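A.B. asks: Before I ask anything, here is the structure I am working with.
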Amino acid sequence: MMEYDFRKIEERWREQWKEKKVYKVNNPTAEQPAKPKFYVLDMFPYPSGAGLHVGHPLGYIASDIYSRFKRLKGFNVLHPMGFDSFGLPAEQYAIETGQHPATTTEKNIGTFKAQLDKIGFCYDWEREVRTSDASYYKWTQCLFLQLFNSYFCNTQKKARPISDLIRKYETQGTKHFTAAQWNGYTKKEQQEILMKRRLAFSSYGEVNWCEALGTVLANDEVVNGVSERGGHPVIKKKMRQWYLRITAYADRLLEGLEKVAFSESMKEMQRNWIGKSEGAELEFRLTPNPSPAGEGSKTPIQTANKDSWPILKDLSRENRKSNTLAEDILWQRLGGNQLDSKARRRHVIENFIIDFAFLNERLLIEVDGDYHNDEEQQSYDDSRSAYLNQIGYKVIRFRNREVEEDTDTVIAKIKEELKTRASLSLGRGVGGEAINVYTTRPDTIFGVDFLVLAPEHELVSKITTDDQRAKVEDYLTYVKSRSDRERMAEVKQITGCFTGAYAMNPFDGKQIPIWIAEYVLAGYGTGAIMAVPCGDQRDFAFANHFKIPITNIIGDFYNGEEANPTKDATLQNSGFLNGMLMKDAIGVAISKIEELGIGKRKVNYRMRDAGFSRQRYWGEPFPVIWEDGIAVPLNENELPLELPFVEKYGPGPEGEGPLANIEEWVNVSWEDFLRSTWVDLTEENAHLESVKRETSTMPGYAGSSWYFLRYMDPKNNETFCDRSASDYWNQVDVYIGGTEHAVGHLLYSRMWTKVMYDLNLIGFDEPFKRLVNQGMIQGSSRFVYRVAGTNKFVSYSLKNNYEVNDLHVDVNIVDGIELNVDSFRQWKSEYANAEFILEDGKYICGVETEKMSKRYFNTVDPVMLTDKYGADTFRMYEMFLGPVEQSKPWDTKGIEGVHRFLRKLWRLFFDELKGKIWNNDKATDAELKVLHKTIKKIESDTENFSFNTAVSAFMISVNELADLKCHKKEILEQLLTLLVPYAPHIAEELWHELGNEGTILDASYPVLEEKYLVETSKEYPISINGKLRTTISMDVNALQPEVEKIVLENDIVQKWLEGNRPKKIIFVKGKMVNVVL
RNA sequence: GCCCAUGUGGCGGAAUUGGUAGACGCAGCAGACUCAAAAUCUGCCGUUCGCAAGGGCGUGAAGGUUCGAUUCCUUUCGUGGGCACCA
């Protein structure tokens, strides 16, 4: 054979490899002791109906190259493949066509495998897993039961069997109940308490509910508040759901990132998702709402503590007779309504007698004698003020002397204070509800101008005043109609509604209006925020929009135009924090908050528990039976709980999943139930009709959270993965996949791994040692321009002369940017008579980069390319496109270059006319140098996933060997071993041509010998003032004095020196010389 | 709005820790072989001035550090991706 007939070669070797089970991977046994292992894993695909496009194999080729490389390096390599085959698209397709998801899934997997096979991957298909196979999801269900039967121990920070917790409750109780109480609870009460600790638990959560379709929709399926299909309204509805308590693992998921090799950006994404923040939770007391007009003025205001009132009343009357001079002076100026606000003298508030009180403004004035300088007295005064503050009053103190000597200033201060405190109407007594807010910036507490509650906040209806109720109701209706995605998408739109209620700032008693707004989310923190417009841009925009006055606490740092979230400002208008740097004030404020008992330091996570049930058919059924509101798990020996066959895939009653429609499946007979449960329920408790199976199914990520373990022991019927197998294969050494799974899948599988580790089911607590993210391959779309109303098509640069419509055209009938007009006429019947307005005799298409998708006609089928150029060319070309981790548009036109390279390689072995030309001659030093240079480069590039540069190194190597006319087995054999990870078929073929048996994968990787790379001289670049002017060849061992001499003698250097002496000469051995003038 | 990534010829991209910018490939041009085409081979190929020798300018833009910057720092602009408006 003289020609490179890749079709014949590739087909033959694929058959041989299969027949001889070349890719079979064995777990170590007693007879076959363990080699060092290496585990290379691809994210397994969802087998969609569309089949593979050229974007899919990118990561698979990279992992295949790496696997083969590691195998040649002497490792036992596990490199499996399988299918994530449960999911929504198959179910949608079933609803539309009536075909069972199992059937379409099976068919799609067949297509995927056929396509993958054409690329020549080294998967051991005997280890294939499919998440939708009962033999697989049996173990998914089993692991769910492990989660259900475990809790997170906050002391040991790990998962433990729930039986440990039950034992503790039975013997010790907790701070909430005693052991005796626990033992007295009903079974149901006990189960409800336990449910709050289980790692897989059931609770109520909001879902997108579409009444018209009678079904729950995914965020994807909701557009502008209506269902994507049919346009029916969608609202939020609370339903019973399963969750995984991933929040318990938040800290360990963060810490775990320190010990894995993920890219920094990937770790950053996970950190942001977990979103740990430190701050404080604190309480804003509500001020009672204004009394109806008239009533308030008639009813006497009772501010005193009822119990101590009789004593204090007399005391206060007594006191009024013995006033100080200062008090009298002040009373003359404040008495009655002189300051447009009623002042009271010697007024009792709670247990204190206050000198002067403005009750409407909740402002208290105290006038003190000199004995208040006493330290003990001061601390008493402070705590008294703090208490009064807390219940909503502001206290200002003056000294007697101050009042006597400068009455006007004192009065001015009081006036000022009355003005800044908005009029505050007071009902009966103080206290009542409080609003808990979470803030990361307690230092800005004096800049709070309003509070905002999430619309879903439980206090909203309670605090709304009658005047505002109608508006609030309207707003709530509006919010209910909006999906989470919309609330996120329309950032610019500011909406909100005033509740009519007020709270007071715990530090200065300032009255603060309470609003609701959709920008505050119920699920994060406490669902309520304190808004500081001068420091937070969203609060600022809100204040501006609703004309809420803004308090500036950061002086010049705030310009009135926009908020400034700095922590470097010095606080102003901030009471006891005045003059402090904000970053220092955070701690001070938290301490004060804790001291006053109005709040506490709080670590918060943005991450929420993961919703784990779907009201769908095509997923794992939950191994759970509901008995009178108690979730009773199946026993392990009853698994798998197989997904029953259904006729229709529509939703069940009340939005339940399709399974709810199968009565005989849902209703479990009492005998069967009793036989299966761990709960020793007695016949008396039985309510036969209420024993029903859970009808929702598990989400897509259930099966994918642990599949990497199943590959280690895929056929095991006793356990999900034998401990000896998971101990041997251990962590995935390299995991390859796209960034779209950065947070979802990767966090869930990390959590499951940690749970399994805690329960001692496996021996490691991070699943993936190293993660490589492949970039996305984008489509490169082509456009033609149809002149409006005609069947004429105008070439790209002439289109502006016409009124045209842009139309996507199939990339496969465009050569580069030139349209094949004949193919175009054949492409669709409507274009059969198309006419063209050409430029330079060609039709040039427009180009745009967008997502690769069938609807843009920009997908390229890998099979088309492997048929035309062969798998080896295709593999190398995908790698040659650019760095694996980088996103790039697909462009087929460069593939010829790679194909030429392989043909050129072939011609090192065969000549068209002479036939075989390889020989057994002894290699020259020059040839060995080429070889070892290549070994060095390929080895390090492969290890670093720099496959694009490796391909170019192969090209350079073959070019150089061709120039040297090297056809020597001694060189070529090793070159083939380097090449086999990249181009396995041609390498195997030529390796056998050289007389070898077996498979080249069992050959050993070439060993670099540095001696062939030693150079004696080096072409040094010579720069003058950093600009390259010439090069001079010098001995590699030459030292500075010698080099300087040679350089200064050089004609070109002398020309630039113009007779001057250089300032200095910089010489870096082996690198360069720079002459500084 | 926030977070991450990225910007180098006509194009994909290359350039150890700062040390010869544009490797390798595509496209293009010229030539050899051929009746012709394909295949293959040889040469040219950032831009600009120049007959040439040889210069000037060039890694999104503007500054800075340095003997020397695609690489480090500051500011700024563009593009792509992600997100749960995260208090």
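A.B. asks: Mind checking the angle between helix A:947-963 and chain A's longest principal axis? C-alpha axes, 0 to 90 degrees, to the nearest 10.
C.D. replies: Tilt of helix A:947-963: around 20 degrees.
A.B. asks: Between helix A:466-480 and chain A, what is the angle of the helix's C-alpha long axis to the longest principal axis, kept within 0 to 90° and rounded to the nearest 10?
C.D. replies: 10
A.B. asks: Over segment A:4-135, one equal point on each Cα, no solvent: what is log10 I(q)/I(0) by the Debye formula at q = 0.17 Å⁻¹?
C.D. replies: After summing over all Cα pairs, the log10 values are -1.00.
A.B. asks: Same structure, new question: Quick one: compute the contact order of chain A, relative version, from alpha carbon pairs under 8 angstrom and 6+ residues apart, as a percent.
C.D. replies: Over chain A, the number comes to 13 percent.
A.B. asks: Residue separation times 0.36 nm, minus the C-alpha to C-alpha distance between A:Cys142 and A:Asn637: what's the value?
C.D. replies: 177.2 nm
A.B. asks: If Lys and Arg each add +1 and Asp and Glu each add -1, what is the summed charge of the other residues whose beta carbon sits under 12 Å from the beta carbon of A:Ile435?
C.D. replies: Local net charge: -2.
A.B. asks: Here is a follow-up. Can you give the charge dipole size of chain A about its Cα centre, rounded to the nearest 20 debye, using +1 on the beta carbon of Lys and Arg and -1 on the beta carbon of Asp and Glu?
C.D. replies: It works out to roughly 1020 debye.
A.B. asks: While we're here: Taking the beta-carbon count within 10 Å as an exposure proxy, list A:Arg167, A:Arg1029, A:Arg1061, A:Arg614 from fewest neighbours to most.
C.D. replies: Least to most surrounded, the residues fall as A:Arg1061, A:Arg167, A:Arg1029, A:Arg614.
A.B. asks: Moving on. Got a sec? Charge dipole of segment A:866-996, +1 on Cβ for Lys and Arg, -1 for Asp and Glu; which of A:Leu881, A:Leu902, A:Pro984 is way out at the positive end?
C.D. replies: So the residue we want is A:Leu902.
A.B. asks: Still on this structure, please answer the following. So how do A:402-411, A:5-14 stack up, highest first, on mean other-Cβ count within 10 Å?
C.D. replies: A:5-14, A:402-411
A.B. asks: So, R0 is 45 Å and r is the distance between the beta-carbons of A:Leu964 and A:Ala134; what FRET efficiency does that work out to, to 0.05?
C.D. replies: Plugging the Cβ-Cβ distance into 1/(1 + (r/R0)^6) gives 0.15.
A.B. asks: Next up: Under the 0.36 nm per residue contour assumption, what length would be gained going from the current alpha-carbon distance of A:Val743 and A:Lys1071 to full extension?
C.D. replies: Fully extending the segment from A:Val743 to A:Lys1071 adds 113.6 nm.
A.B. asks: Separate question: Can you give the FRET efficiency for A:Arg7 and A:Ala212, using 1/(1 + (r/R0)^6), R0 = 35 Å, r = Cβ-Cβ distance, to the nearest 0.05?
C.D. replies: Between A:Arg7 and A:Ala212 the formula returns 0.05.
A.B. asks: Going by average Cβ neighbours within 10 Å, how do the peptides A:494-500, A:564-570 rank, with the highest at the top?
C.D. replies: Per-residue Cβ counts within 10 Å, averaged per peptide and sorted highest first, yield A:494-500, A:564-570.
A.B. asks: First select every other residue whose beta carbon is under 10 angstrom from the beta carbon of A:Asn791; then total the charges, Lys and Arg +1, Asp and Glu -1.
C.D. replies: 0
A.B. asks: Here is a further query. On a full-extension model of 0.36 nm per residue, what is the gain between A:Asn820 and A:Gln156, subtracting their alpha-carbon distance, rounded to one decimal in nm?
C.D. replies: That pair, A:Asn820 and A:Gln156, stretches by 232.1 nm at full extension.
A.B. asks: How would you rank A:328-336, A:914-922, highest first, on the average number of other Cβ atoms within 10 Å across their residues?
C.D. replies: Result, highest mean Cβ count within 10 Å first: A:328-336, A:914-922.
A.B. asks: On the first, second and third principal axes, largest extent first, how far apart are the outermost C-alpha atoms of segment A:435-585 in Å?
C.D. replies: Ordered largest first, segment A:435-585 gives principal extents of 45, 32, 26 Å.
A.B. asks: Could you give the angle, 0 to 90 degrees to the nearest 10, between helix A:1040-1049's Cα long axis and the longest principal axis of the Cα atoms of chain A?
C.D. replies: Here the helix axis deviates by roughly 70 degrees.
A.B. asks: Turning to a different aspect of this structure: Under the rule of -39500 (n - 2.57) per DSSP H run of 4 or more residues, summed and divided by the residues of chain A, what mean residue ellipticity at 222 nm is obtained, to the nearest 500 deg cm²/dmol?
C.D. replies: Estimated from H runs of four or more residues: -10500 deg cm²/dmol.
A.B. asks: Assuming R0 = 56 Å, what is the FRET efficiency of A:Ser952 and A:Lys600, from their Cβ-Cβ distance, to the nearest 0.05?
C.D. replies: So, using R0 = 56 Å, E works out to roughly 0.40.
A.B. asks: Right, another one. Return the inverse of the average 1/r over all pairs of distinct C-alpha atoms in segment A:727-868, which is the Kirkwood hydrodynamic radius, in Å to one decimal.
C.D. replies: So the Kirkwood estimate lands at 19.0 Å.
A.B. asks: Quick one: putting +1 on the C-beta of Lys and Arg, -1 on the C-beta of Asp and Glu, what dipole do you get for segment A:144-202 around its Cα centre, in Debye to the nearest 20?
C.D. replies: That gives a dipole near 200 debye.
A.B. asks: So if I take the centroid of the Cα atoms in segment A:143-218 and the same for segment A:28-76, what is the distance between those two points in Å?
C.D. replies: Segment A:143-218 and segment A:28-76 have Cα centres spaced 40 Å from each other.
A.B. asks: In addition: Can you put A:Thr866, A:Thr105 in order of Cβ neighbours within 10 angstrom, beginning with the fewest?
C.D. replies: A:Thr866, A:Thr105
A.B. asks: Which one of A:Phe6, A:Gly205, A:Ile1032 is farthest out on the positive end of the charge dipole of chain A, using unit charges on Cβ (Lys, Arg +1; Asp, Glu -1) and the Cα centre as origin?
C.D. replies: A:Ile1032
A.B. asks: How big is D for segment A:152-197, in µm² s⁻¹ as a whole number, if Stokes-Einstein is applied with the Kirkwood radius of its Cα pairs at 10 °C and 1.306 mPa s?
C.D. replies: Reported coefficient: 145 µm²/s.
A.B. asks: Mind listing P(r) for chain A? All alpha-carbon pairs, 20 Å bins, whole percents.
C.D. replies: 9, 28, 30, 21, 10, 2, 0
A.B. asks: Shifting gears a bit: Among A:Thr440, A:Thr477, which comes first, then next, by fewest other beta-carbon atoms within 10 Å?
C.D. replies: Taking fewest neighbouring Cβ atoms as first place, the list is A:Thr477, A:Thr440.
A.B. asks: Please state the charge dipole magnitude for segment A:336-416, taken about the Cα centre, from unit charges on C-beta atoms (+1 on K and R, -1 on D and E), reported in debye and rounded to the nearest 20.
C.D. replies: 560
A.B. asks: So how far apart, in nm, are the two label points at A:Ala788 and A:His176 if each is 7 Å from Cα heading toward Cβ?
C.D. replies: In this crude spin-label approximation the distance works out to 6.8 nm.
A.B. asks: Still on this structure, I have one more. Which residues' amide hydrogens lie under 5 Å from the amide hydrogen of A:Thr1030, considering only partners 5 or more residues apart or on another chain, with H built in the peptide plane?
C.D. replies: Long-range HN contacts for A:Thr1030: A:Ile1022.
A.B. asks: Using +1 at the Cβ of each Lys and Arg and -1 at the Cβ of each Asp and Glu in chain A, identify which of A:Met43, A:Ser591, A:Asn948 lies farthest towards the dipole's positive end.
C.D. replies: Selected residue: A:Asn948.
A.B. asks: Sticking with this structure for a sec: Between A:Lys35 and A:Lys1027, what is the spin-label point distance in nm, taking each point 7 Å from the Cα along the Cα→C-beta axis?
C.D. replies: In this crude label model, A:Lys35 to A:Lys1027 measures out at 5.9 nm.
All of the numbers you see were taken from the coordinates with simple rules; none came from a lab. Because the structure is a prediction, the values reported are computed rather than measured. Quick reminder, even Gly has a Cβ in these numbers, built from the backbone with ideal geometry, and neighbours come from all protein chains shown.
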